[in-house]
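Participant: Please find one structure pasted underneath; my questions will follow.
Taken together, the values in this text are just the output of simple stated rules run on the coordinates, not laboratory data. Since the structure is predicted, the reported quantities are computational estimates derived from the model, not experimental observations. Virtual Cβ from ideal backbone geometry, glycine too; neighbours counted across all protein chains shown.
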Amino acid sequence: MTGTRAGGLAGGLAVVLLTASPPARLPAQDTNTIDRGVRIGIVYRPGVRPGMVMLPRKGLDSVRAMVVRDLDYSDRFEIITLPGGDSIRLATASPPPRGGGTTPRGGRTPTSSGSGTGGGAQSAIGSLNYPLYQALGADFALDITAAGDTTIATLHDIPAAGVRRAVRAQLPAPGSPDFRQAVHRMADQVLQAALGTSGIAATRVLFVKEGKVYLIDQDGAEMKLVSSTDRQAMSPAWAADGHHFAYMEFQAGKGWLYYQDMATGKRIPVSTTGTALDFTPAFSPDGQTMAFSRAIEEGTDLYTINIKNNCCLRRLTVGHFSDNLSPTFSPDGQRIAFVSTRPGLPQIYVMAADGTDQQLFAPFDYGVTGSSNAPEWSPDGQSVAFHRDVAGTLQVFVLDVRTRTVRQLTSVGRNEDPTWAPDSRHLAFVSDRSGYRQLWIIDLDTGRIRPLLQQSGARLPAWSPRLSEAPSTTP
Amino acid sequence: MKSVSLLLVIGLAAAATAASSCGGNPPPAQPTPNADSAAAAAKARQDSIDAANAEAARRAAEDSARIARQREADSLAALSRGSEEVRATLAAMIHFDLDKSNIRGDDMGALDQKVAILQANPDLRIRVGGHCDERGSDEYNLALGNRRAQAAKQYLVSHGIDAGRIETQSWGEERPLVDGHDESAWSQNRRDEFEIISGGDNIHHP
């Protein structure tokens, strides 16, 4: 009796293991040492992402490593690593049967006498062993090569058994300031070629640490200081052009808003600032308007100014002893979501961009739901991310704009201040899940979480729009 | 004690001076066998009396100057002691409940003392800084800190202090008084601080 049940259980497990396959894809998540993130099962569907193989080559290692990591961080591919190096790619043995558990990947390398790389690799373009890669579960293979001063990323379509596209770029020398962004843009072009959608490799995140504003690439590289004084700063916000940003700085008992050019570091105080506590700046998508909060005697209210002409203060809310703060524009510029304390505790409200038609946005149970703060409208317009007090700690939530329903995204530790990547599926946020507060990135589609910056004290992240060209190339 | 004995000395000296100089009650004249010698004796006596009088007056002047100096020093010390007290009373923080900005009952006494000090020192101008603990949202805490600073200002204004003498500022959770992640630290960090902006050089006791 017991034996039968145990046997049945074992059989069931075997079925689960088989159906959860290809199990060999799963280690592809751990292809880099930074990735110590944990998965939480939101809508994770294993195996639905196309497999991507990076073909090994001599040279261009840093480019290849960056591109494969960008593609991995896009969370749109299963990155397949080859155990046997070039030997697999060059193997001409007959392809193993599709879908079998006998694919030569467990460290077993097909015997190959001709393991030369140079000329053989060149001639292999367009004549890859497609059935082999198909058997490995790959839908795409990426080959990065150099021809003179041009770097070529050749994307192979495995099921179609041909080259999908060759992306050419003249990369700056490694170590030059523009090198990494140029490689990131190449990765985005590959992603675009493979899936017809835009990536987020060439993006950056502004954040605050120890009262100063910093900038960091989305892959965690090239962290640099961008605030220019020793005064305490908060709340960085990107302009839609990706070349400017705004932030608040404490100065002589007031909160000043500054508008700064990313490339030159030149900054100007925003019109009418310096008279009160101004904070939480946010740009309209057309770059014409900045909305912000101003705390005065009777409370905190929302205002806008024309940022192009740095003029024309306009008041959007009249709180009458309630607070209205943290504005965020919808991507069409028609609406502004914000925080209001009019129900007692802060909750998420929405209004037309001219201040009319103010109404509750994210539903809550009066007396039950905790404070809700830090809203940010997703670039696709469909969602608003925010954080909410749940049992004394903060968790990231997402509001569905159409249905006005909310779902809780995080549950481990304290999680706050979410900011959308331009693909509207990744969020950077602050979490103490590792023991101290640091920046993390979550992919809403897979639930995959990775650290962006493993340094304590980083907070208030703001994810850039797509950076089409390096900011340093603009005057 | 010292000043008492000094006063005594002065009193005696003054009495002696008065007795000798006013002449209202002269000593009985002694019979003199020789007019010249008698006159000489009288002159000598008068000289010694004058000398004693001069000495007494000099000492009295010295003493009174010293006393005046001592008094001034004593009162300055007292004044400065009082001024320290007044400053401490003025700077005493008030505290708030979690996510609240209303003045607590146990802080009203502290604010009443500040009202009295501000009334006694009409040139005094202060800044109220509102602070929060780390638990709330970073940016929301700027609004909450503003409310806390405004709450204290409103209290002072409603008790007769001119609003123009009170500036407010919010620091949100950016400047914790106590590092720590428990209620003990949080409760100390949810506070209003009071600092003198101007008019604090010669501060008076209410």
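Participant: Using each residue's phi in region B:121-133, evaluate 6.51 cos²θ - 1.76 cosθ + 1.60 at θ = phi - 60° and report the 3J(HN,Hα) Karplus result to the nearest Hz, with x for Gly and Pro.
Facilitator: 10, x, 8, 6, 10, 10, 10, 9, x, x, 10, 10, 8
Participant: Right, another one. Looking at this model, which pairs from A:LYS224/A:LYS266; A:LYS209/A:LYS254; A:LYS266/A:LYS308; A:LYS212/B:LYS153; A:LYS212/B:LYS114; A:LYS209/A:LYS266 are more than 26 angstrom apart at the alpha-carbon?
Facilitator: A:LYS212/B:LYS153; A:LYS212/B:LYS114
Participant: Tell me, what ³J(HN,Hα) does each residue in region A:365-370 have, in order and in whole Hz, if you take phi through Karplus 6.51 cos²θ - 1.76 cosθ + 1.60 with θ = phi - 60° and put x for Gly and Pro?
Facilitator: 9, 4, x, 10, 6, x
Participant: From the mean inverse distance of alpha carbon pairs (Kirkwood) and the Cα radius of gyration, derive Rg over Rh for region A:204-473.
Facilitator: A ratio of 0.93.
Participant: Which cross-chain or sequence-distant (5 or more) residues have an amide H under 5 Å from the amide H of A:ARG165, H modelled 1.01 Å from N in plane?
Facilitator: A:LEU155
Participant: State the antiparallel share, in %, of DSSP beta bridges confined to region B:92-198, rounding to the nearest 5.
Facilitator: In region B:92-198, approximately 55 percent of DSSP beta bridges are antiparallel ones.
Participant: Starting from the Cα of A:ALA166, step 7 Å along the direction of its Cβ; do the same at A:ASP149; then give the gap between the two resulting points in nm.
Facilitator: Each label point is offset 7 Å from its Cα along the Cβ direction, giving 1.9 nm.
Participant: Round to the nearest 0.05 the FRET efficiency obtained for A:ARG314 and A:ALA252 when R0 = 22 Å and r is the Cβ-Cβ distance.
Facilitator: Numbers: r = 25 Å, r/R0 = 1.14.
Computed FRET efficiency for A:ARG314 and A:ALA252 comes out at 0.30.
Participant: Right, something else. Hey, can you grab everything whose amide H is under 5 Å from the amide H of B:SER170? Only 5+ residues off in sequence or another chain; H modelled, so Pro and N-termini drop out.
Facilitator: B:GLY130
Participant: Also, quick follow-up: With θ set to phi - 60° and the Karplus curve 6.51 cos²θ - 1.76 cosθ + 1.60, what are the ³J(HN,Hα) couplings of region B:87-98 in order, to the nearest whole Hz, using x for Gly and Pro?
Facilitator: Running phi through 6.51 cos²θ - 1.76 cosθ + 1.60 with θ = phi - 60° gives 4, 5, 5, 5, 7, 4, 6, 10, 10, 10, 7, 3 Hz.
Participant: Then there's this: Hey, if you drop one equal point scatterer on each alpha-carbon of region B:92-198 and run the Debye formula without solvent, what base-10 log of I(q)/I(0) do you get at q = 0.19 Å⁻¹?
Facilitator: -0.87
Participant: Another question, then. If you filter region A:399-475 for trypsin sites (Lys or Arg not before Pro), then keep DSSP loop positions with at most 11 other Cβ within 10 Å, what is left?
Facilitator: Hits after loop and neighbour filter: A:ARG402.
Participant: Taking H as built 1.01 Å from N, whose amide H comes closer than 5 Å to the amide H of A:PHE77, not counting residues under 5 places away?
Facilitator: For A:PHE77, whose amide H was placed from the backbone, there are no distant partners under 5 Å.
Participant: When 1/r is averaged over all different Cα pairs and the result inverted, which Kirkwood radius in Å belongs to region A:323-363?
Facilitator: Working: mean 1/r = 0.0998 Å⁻¹.
Over region A:323-363, the inverse of the mean reciprocal pair distance is 10.0 Å.
Participant: Could you tell me the calculated FRET efficiency between A:GLN288 and B:LEU177, based on Cβ-Cβ distance and R0 = 41 angstrom, to the nearest 0.05?
Facilitator: 0.45
Participant: With a 10 Å Cβ neighbour count serving as the proxy for reagent exposure, in which order, fewest first, do B:HIS204, A:HIS244, A:HIS320, A:HIS387 appear?
Facilitator: A:HIS320, B:HIS204, A:HIS244, A:HIS387
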